[in-house]
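The values are calculated or read from the model by the stated rules, or taken from the named source; none is laboratory data. The model shown is predicted, which means the values in this text are computed figures rather than measured ones. Note: ideal-geometry Cβ built from the backbone for every residue, glycine included; neighbour counts use all protein chains shown.
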Amino acid sequence: MRQTSIPIPPVFIDQMVHLILRNILADCTDPMRLRAAELFFREQSASTDDNRLMLADEEIVEMHARTGSETGLGQLLAETGTPLKSVALDVLDDDNKEIYWARSDRFDTVIDFRFGQPAPDAFARVVESWLRHLLKIETQVEPRPSIEDADWRWHIGLDREATRILNALYEGKTPPLQDMASIVGLFRMRIRDERMVLERVRGKARLSGPGHGRQEAGQDEAAEPADQPAGDRLGLRTAGGERAATRRPASASPRTFR
């Protein structure tokens with residue numbers, strides 16, 4: 001189903017998704033998975049400094065930046081063209097992820113979403129739980145470093161920008177470098193019960209993922225009709241602006257990302 005607008009505010013959808021995930025993950029004891037779940041209902045800002053991929057809550061980053069710019073010193077620096085001080089947020093990792101419990105409602109922690117880091121795998125587990133809860137299907141979702149499929153049959157974009165990039169790749173086009181640089185992660189999804197997969201697409205790779213802007217209900221698009229159950233899927237996530245400035249806690253080497 002495709003439509004250009006929805007009759008309800010996007011913030012309401014975000015709140016509903018938040019409530020659903022709270023129920024799904026009520027017994028979850030992994031802070032990294034809970035933080036990764038925030039990507040479902042909280043807009044993220046991305047930083048790619050130092051060859052890392054940091055995702056921070058967009059609202060929190062903007063709030064910190066706005067607070068700094070509204071001070072007398074901040075206004076003076078802005079008038080003179082002097083860069084403002086970077087926003088400092090803590091990066092979750094396996095060593096310090098327990099700090100999330102005391103700060104979960106503040107949305108002020110950052111995750112490294114590079115392939116091979118804990119966050120993409122945690123996100124994959126959330127996707128599995130989401131599909132199990134809403135569609136009653138068992139899936140296996142895993143991060144992937146690249147797309148390697150000569151027989152690409154169809155894909156699902158989890159938001160408009162990801163769909164646009166995936167459609168271009170599917171049609172054999174070469175997207176602009178700016179679009180390719182916005183790719184954050186790839187995911188393969190396999191539906192465990194092959195009986196739920198149409199024979200002509202069984203065992204074939206699928207692509208899906210969210211992108212730059214806010215996703216509204218009913219805006220997902222597919223390269224082929226959406227009545228085809230999926231077998232394997234590769235998931236694409238794309239990043240928006242590179243605005244999040246982050247730091248590691250004292251237990252690790254301090255780093256700054258703009």
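Looking at the stretch 113-121, is at least one residue among the small types (Gly, Ala, Ser), over 19 Å from the mean Cα position of the chain (by Cα) and assigned to a helix (DSSP H, G or I)?
No: zero hits.
Just name the residue that is surrounded by the most Cβ atoms within 10 Å (Cβ to Cβ) out of those in the stretch 148-170 that are among the hydrophobic types (A, V, I, L, M, F, W, C) and closer than 22 Å to LEU39 by Cα.
Ranking the candidates gives LEU166 first.
Which residue, of LEU39, LEU21, is closer than 17 Å to HIS133 by Cα, in contact with a Leu (Cβ under 9 Å, 6 or more places away or on another chain) and buried (at least 16 other Cβ atoms within 10 Å of the Cβ)?
Answer to the check: LEU21.
Residue-by-condition table, conditions (1) among the aromatic types (Phe, Trp, Tyr); (2) crowded, with 18+ Cβ neighbours inside 10 Å; (3) over 22 Å from CYS28 (Cβ atoms); (4) in contact with a strand residue (DSSP E or B) (Cβ under 9 Å, 6 or more places away or on another chain):
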{"site": "VAL127", "(1), (2), (3), (4)": "no, yes, no, yes"}
{"site": "GLN140", "(1), (2), (3), (4)": "no, no, no, yes"}
{"site": "PRO145", "(1), (2), (3), (4)": "no, no, yes, yes"}
{"site": "PRO176", "(1), (2), (3), (4)": "no, no, yes, no"}
{"site": "VAL184", "(1), (2), (3), (4)": "no, yes, yes, yes"}
{"site": "MET196", "(1), (2), (3), (4)": "no, no, yes, no"}
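Picking from ALA168, ALA162, which residue would you name as being assigned to a helix (DSSP H, G or I) and under 30 Å from HIS64 (Cβ atoms)?
Of ALA168, ALA162, the one residue that is assigned to a helix (DSSP H, G or I) and under 30 Å from HIS64 (Cβ atoms) is ALA162.
Identify all residues within the stretch 133-153 that are of a type in the set (D, E, K, R) and assigned to a strand (DSSP E or B); write none if there are none. Don't jump to the end; show me each part of the working.
Taking the stretch 133-153 first, the residues of a type in the set (D, E, K, R) are 136, 138, 142, 144, 148-149, 151, 153.
Scanning the stretch 133-153 gives GLU142, ARG144.
Here is a list: ALA46, ALA36, ALA26. Which entry is in a helix (DSSP H, G or I) and either modelled with pLDDT of 95 or more or of a type outside the set (Lys, Arg) (or both)?
ALA36
Testing ILE156 on (1) under 26 Å from LEU19 (Cα atoms); (2) touching a Gly at 6+ places or on another chain (Cβ under 8 Å), one condition comes back false. Which one is that?
With respect to (1) under 26 Å from LEU19 (Cα atoms); (2) touching a Gly at 6+ places or on another chain (Cβ under 8 Å), ILE156 is out only on (2).
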